[in-house]
1. Any residue at all in the stretch 72-84 that's within 14 Å of the ligand (Cβ to nearest atom), touching a residue at least 24 places away in the same chain (Cβ under 8 Å) and touching a Lys or Arg at 6+ places or on another chain (Cβ under 7 Å)?
2. When the stretch 23-52 is examined, which residues are found to be in contact with a strand residue (DSSP E or B) (Cβ under 6 Å, 6 or more places away or on another chain) and crowded, with 19+ Cβ neighbours inside 10 Å?
3. What about residue 60, is it away from the ligand (no atom under 16 Å from the Cβ) and surrounded by 12 or more Cβ atoms within 10 Å (Cβ to Cβ)?
4. Can you tell me which of (1) touching a residue at least 40 places away in the same chain (Cβ under 8 Å); (2) on the phi > 0 side of the Ramachandran plot; (3) not charged (D, E, K, R) is the one residue 69 doesn't meet?
Amino acid sequence: MHENDVMICRCEEVMLEEIRAWIEKGYSNFDELKRILRVGMGPCQGRGCRDILLRELSRATGKPIGEINPGTIRPPVKPIKLGLCAYGREVDAK
Ligand code: FES
């Protein structure tokens, strides 16, 4: 197995090879890659792939990871049920 065959975003099934190809085309931050590949838009909202992607951007650009824009993180940070938003508590769906 080649290292490019690694799945980086499991939610959106994005492989490292795709990410590297778009970085080579000039995409240089998380939000740009998110728009083109949907990385970070799955059910985990990037918790599974954001750090890996930022490390790859750091490696490719030579910038320290702290200088790479981590992208926009919108609430809720974690998926929640609508009932929690509406009533402020878990609602039994029965
Ligand atoms: S692993 Fe990328 S959005 Fe979940």
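Just so it is clear, none of the values below were taken in a lab; they were calculated from the coordinates. As the structure is a prediction and not an experimental result, all values here were calculated from the model. Every residue, glycine among them, receives a Cβ derived from its backbone with ideal geometry; neighbour counts consider all protein chains shown.
1. No: zero hits.
2. Applying the first criterion (in contact with a strand residue (DSSP E or B) (Cβ under 6 Å, 6 or more places away or on another chain)) to the stretch 23-52 yields 37, 39, 49, 52.
Residues satisfying the conditions are 37, 39, 49.
3. On the way: away from the ligand (no atom under 16 Å from the Cβ): yes; surrounded by 12 or more Cβ atoms within 10 Å (Cβ to Cβ): yes.
Answer is yes for this residue.
4. The number of the failed condition is (2).
Quick grid of which residues meet (1) touching a helix residue (DSSP H, G or I) at 6+ places or on another chain (Cβ under 9 Å); (2) acidic (Asp, Glu); (3) within 11 Å of the ligand (Cβ to nearest atom):
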{"position": "8", "(1), (2), (3)": "yes, no, yes"}
{"position": "12", "(1), (2), (3)": "yes, yes, yes"}
{"position": "17", "(1), (2), (3)": "yes, yes, no"}
{"position": "20", "(1), (2), (3)": "yes, no, no"}
{"position": "26", "(1), (2), (3)": "yes, no, no"}
{"position": "56", "(1), (2), (3)": "yes, yes, no"}
{"position": "65", "(1), (2), (3)": "yes, no, no"}
